C-alpha cells in the first residue's frame, strides 16, 4: 500500500503479481514482465509507481508505443467494474496537487510528478529525466526510446520496468534474453495463463474461437498462443515480411556478415527527416544481396548522415525515392543536389506501386543475408512493419501502421527495387590457368605452376561466397 500525507492507498495485488511487485518495492532497478492478456500489467505498474513516487520525490513516466494510444488506453479509459477512470484509481485525487488533462500530467502533493508519454515522440522528452519509467506494450514500442532514456535513468539512479505481451522474436524477446543472463541486475519473468489460471478453460476456449473466427484457424491459434500462452514463435499478425524474416532466421541467414572491402557498399534511403530517414547499407556479391549495416539518424543534419556513411567507407550508389527532386531541408536546392554537393552518388528509384515494392522486398529477404549486430534495429523494424487492423470491418487495411517501423520497411522496399541493378559490381572471375604443357625447341616442357592453380581455386571460392 502507498502512503501519502494523511492517506493510505490500499491495493489488491494478485498472487501472481506479487513477485514483480515485491522486487520493485524492495529497490529493484530493472525488470521485464512478459505476461498474458488481462494479467494486469499496467495496473501493477501504476501501483508500483504510486508507491515509489511517494518514497522518492522525482519525475516518473509511463510510456506507451504511441502518444495518442496513451490517452485512450490509460488516461481516459474507465474501469467497467467500478465506473472510475483508471488514472483516478491508480492516483487518487487526494494525493494530487494538480492535474493537466491536456498534457496527461500529474503533480503530487509531495512534489513528485507523473506523465504519460509515447515512444513515437521519445525525443521530445526533455528535462532532468525520470527517476522511474514504465514501458507498456514494449514489444510494440520504438526500441530507440530506451536507448534515448537510459542515460537519464542511469544518471538519476532510477528504475525501468518493461511490460508486454510477445510480438515475435523482436526487441522485446532480445531484452528478455539479455535480462535472463544478468540476473544480478534484472528481474525477468514470462507469465502465461496456464501458470496464473487467471481465466477459466471456458473463457480460454471462447477467446481462441473468436481469434480463429476472425483470422482463420492457423493464424487465430497463433495469435491466441501469443496473447495468452506468451509464445514468441508466432509472426506478428499483419506483418508484411513476417514469413520471410522467420525463414531467414531459420535458415541461418541472420548472423555475422562482414563487409567485403573489395566491393562497394550501396545504400537505400527513405528520405525524410531524422528518424523518418532510415538508411540500409548493402553489397551485392555472387549475385546476392548482403545487408551489412543500418543507420537511422537522430538529427536533421544531412551532413551528419553523409559523414556517418563516409566514415565507414560506404561510397557506393545511394538509391533514393523518386521524389528526391523536391526542395526541402530549408533551402532552395533539391535533395538530389544537396547529396551531390556532399560527395554522394544519388540515383533515383523508378516510381512503382507499393504492392510491387513489397513483393520486391519479399524476394530480396529470401535471397539476402543480414548482419545481426549492425542491423539489429532494422531487422526488428522489418519484423514489425505491418498493416493496420480495421476493428469495424474485422480485416487488415492495405496501408501500414504509422509507427516507428513504417519507414524502415519503406526503405527496404526501395532496397528491393534497387539491388539487382548493381550486380555488375561483382568482381569478374579470374581466369584459371589451363592444364596444358608445351614442349619447347630446347627439349624442356613449360606449363602452369601448381601454386598458380591452387591460388586460382582459392579466388574462385572467395568469389562464390
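The values are calculated or read from the model by the stated rules, or taken from the named source; none is laboratory data. Everything quoted here is computed from the prediction, not taken from an experiment. Counting neighbours? That spans all protein chains shown, and the Cβs are built from the backbone with ideal geometry, glycine included.
Checking each residue in the range 335-346 for being touching a strand residue (DSSP E or B) at 6+ places or on another chain (Cβ under 7 Å), crowded, with 17+ Cβ neighbours inside 10 Å and outside any loop (DSSP other than H, G, I, E, B) picks out 336, 339, 346.
Per-residue answers, yes or no, for (1) without any contact (Cβ under 8 Å) to a residue 40 or more places away in the chain; (2) not in a loop (DSSP other than H, G, I, E, B):
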site	(1), (2)
173	no, yes
184	yes, no
203	yes, yes
208	yes, yes
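All conditions in (1) touching a residue at least 60 places away in the same chain (Cβ under 8 Å); (2) buried (at least 20 other Cβ atoms within 10 Å of the Cβ); (3) touching a strand residue (DSSP E or B) at 6+ places or on another chain (Cβ under 6 Å) hold for residue 106, with the sole exception of (1).
Can we say residue 351 is out of contact with any strand residue (DSSP E or B) (no Cβ under 6 Å at 6 or more places or on another chain), modelled with pLDDT under 90 and within 30 Å of residue 248 (Cα to Cα)? So that I can check it myself, show each step before the final result.
Working: out of contact with any strand residue (DSSP E or B) (no Cβ under 6 Å at 6 or more places or on another chain): yes; modelled with pLDDT under 90: yes; within 30 Å of residue 248 (Cα to Cα): yes.
Yes: the conditions hold for residue 351.
Do you know which residues across the range 210-221 are in a helix (DSSP H, G or I) and surrounded by 12 or more Cβ atoms within 10 Å (Cβ to Cβ)? Give the derivation first.
Within the range 210-221, the subset in a helix (DSSP H, G or I) is 210-215, 217-221.
Residues satisfying the conditions are 210, 211, 212, 214, 215, 219, 220, 221.
If you take just the helices (runs of 4 or more DSSP H) that sit entirely in the range 1-93, which of them hold at least 3 residues that are over 18 Å from residue 114 (Cα atoms), in the same structural domain as residue 182 (by TED's automatic domain parsing) and touching a helix residue (DSSP H, G or I) at 6+ places or on another chain (Cβ under 8 Å)? Correct list: empty, since no element meets the threshold.
Here the range 274-307 is the region considered, the condition is being assigned to a loop (DSSP other than H, G, I, E, B) and in contact (Cβ under 8 Å) with a residue 40 or more places away in the chain, and the residue that is surrounded by the fewest Cβ atoms within 10 Å (Cβ to Cβ) is 287.
Of all positions in the range 120-134, none carries a residue that is modelled with pLDDT of 95 or more, buried (at least 19 other Cβ atoms within 10 Å of the Cβ) and part of a helix (DSSP H, G or I).
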